[in-house]
Amino acid sequence: MNASEPGRMTVPLIRARKKTGEKITALTAYDFALASIMDSAGVDLLLVGDSLGMVVLGYENTLPVTMEEMIHHTKPVARAARRALVVGDMPFMSYHLSPEQALANAGRFVKEGGAEAVKIEGASPRRLHLIETLVEADIPVLGHIGLTPQSVIRLGGFKVQGTTLPAARRLVSEAAAVEKAGAFAIVVECVPAEVAREITASVGIPTIGIGAGPACDGQIIVFHDLVGCHGGYLPKFVKMYADLHKVITGAVTHYRDDVRSGVFPDRDHAYHLKPEAARILKRGRGRAGGGVNTRANSKEDAK
Ligand code: KIV
């Protein structure tokens with residue numbers, strides 16, 4: 001645990017960062033091993049994002065992601081998080097039908113997944129009502145405005161939002177409405193830095209930016225982008241801190257070559273019988289029943 005931040009991160013502690021000015025660090029997480037590393041490294045918030053669909057499950061966009069897939073991946077992240085706040089991302093069509101459906105699915109993230117909050121995209125009047133409904137049921141909500149990937153069909157692609165003055169002003173009022181509805185923080189995705197700065201200055205809850213410049217109260221990024229875990233397209237705003245695609249490709253081709261040439265496994269990477277047992281086993285080779293001293297199979301004879 002981070003000495004300067006004893007104990008677990010909580011929704012009120014994330015919210016309080018607006019006042020303290022300490023930046024919120026957030027990453028997406030989808031499994032136990034990597035979430036454990038992020039948690040130990042002191043990341044404040046782990047979002048089990050529906051980006052899961054694209055970077056882990058190989059879908060073209062986030063729309064096919066199901067509640068079952070989200071819950072399946074939220075559980076290991078929640079098990080890994082000893083300090084970070086875990087937020088489950090409500091997938092497309094898991095909150096669109098009715099407040100009852102949204103409540104039931106948000107409840108699953110908490111009860112089954114172990115999440116401590118959920119994220120929902122958008123700021124239409126119906127979405128704002130949903131935020132109120134969930135918060136009223138004691139399920140904290142992280143809002144999400146700007147580029148909302150679940151609207152990719154309507155938006156005509158993953159495009160920067162708020163690029164005209166009216167659109168920028170609309171985003172500022174959406175942020176205010178999301179705050180008023182009760183969200184504890186807002187993800188602001190893919191908007192000009194100046195617009196994110198205006199949004200951040202105008203709300204009393206933290207903004208967590210992704211492709212939204214440096215003025216936000218925190219930053220989030222898709223983990224696989226951060227560590228270069230795919231060879232595909234990276235948006236302009238991504239800073240790659242490692243090139244795992246290169247590292248893993250190197251390791252895998254090296255392994256393949258070693259197996260093909262017989263270099264791996266070598267003597268050091270294998271178990272061995274004691275020399276006496278190995279000799280007897282070899283002598284008995286080819287005889288019916290093997291003629292092998294069965295002790296050669298015991299743990300005693302292997303090391
Ligand atoms: O699904 C996701 O990973 C997200 C983040 C990019 C904010 O919504």
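The values are calculated or read from the model by the stated rules, or taken from the named source; none is laboratory data. These figures come from a predicted structure and were not determined experimentally. Every residue, glycine among them, receives a Cβ derived from its backbone with ideal geometry; neighbour counts consider all protein chains shown.
Select, from GLY250, GLY228, GLY262, GLY213, the only residue that is over 21 Å from the mean Cα position of the chain (by Cα) and on the phi > 0 side of the Ramachandran plot.
That would be GLY262, the only listed residue that is over 21 Å from the mean Cα position of the chain (by Cα) and on the phi > 0 side of the Ramachandran plot.
Would you pick out the residues in segment 132-147 that are touching a helix residue (DSSP H, G or I) at 6+ places or on another chain (Cβ under 8 Å) and outside any helix (DSSP H, G or I)? Write out each step before concluding.
In the first step, residues of segment 132-147 are kept if they are touching a helix residue (DSSP H, G or I) at 6+ places or on another chain (Cβ under 8 Å); the result is 132-135, 137, 139-141, 143, 145-147.
If the condition is that a residue be touching a helix residue (DSSP H, G or I) at 6+ places or on another chain (Cβ under 8 Å) and outside any helix (DSSP H, G or I), then ALA137, ILE139, PRO140, VAL141, GLY143, ILE145, GLY146, LEU147 are the ones that fit.
If the requirement is being closer than 22 Å to SER51 by Cα and either at pLDDT 95 or above or part of a loop (DSSP other than H, G, I, E, B) (or both), which of these qualifies: VAL172, VAL191, VAL195?
VAL191
Within segment 130-141, identify whether any single residue is within 15 Å of the ligand (Cβ to nearest atom), in contact (Cβ under 8 Å) with a residue 24 or more places away in the chain and within 18 Å of the chain's Cα centre (by Cα), and answer yes or no.
Looking for residues that are within 15 Å of the ligand (Cβ to nearest atom), in contact (Cβ under 8 Å) with a residue 24 or more places away in the chain and within 18 Å of the chain's Cα centre (by Cα), one finds at least one in segment 130-141, hence yes.
Looking only at segment 39-56, which residues are away from the ligand (no atom under 12 Å from the Cβ), surrounded by fewer than 23 Cβ atoms within 10 Å (Cβ to Cβ) and either aliphatic (A, V, I, L, M) or within 18 Å of VAL152 (Cβ to Cβ) (or both)?
The one that is away from the ligand (no atom under 12 Å from the Cβ), surrounded by fewer than 23 Cβ atoms within 10 Å (Cβ to Cβ) and either aliphatic (A, V, I, L, M) or within 18 Å of VAL152 (Cβ to Cβ) (or both): ALA41.
Is it the case that some residue within segment 246-260 is in contact with a Leu (Cβ under 8 Å, 6 or more places away or on another chain) and either within 16 Å of the ligand (Cβ to nearest atom) or among the hydrophobic types (A, V, I, L, M, F, W, C) (or both)?
no
Any chance you could count how many residues in segment 118-146 are buried (at least 19 other Cβ atoms within 10 Å of the Cβ) and either of a type in the set (Lys, Arg) or at positive phi (or both)?
4
Are any residues in segment 206-228 buried (at least 20 other Cβ atoms within 10 Å of the Cβ), more than 10 Å from the ligand (Cβ to nearest atom) and either outside any strand (DSSP E or B) or at pLDDT below 95 (or both), and if so, which ones?
Hits for segment 206-228 are PRO206, ALA212, CYS216, ASP217.
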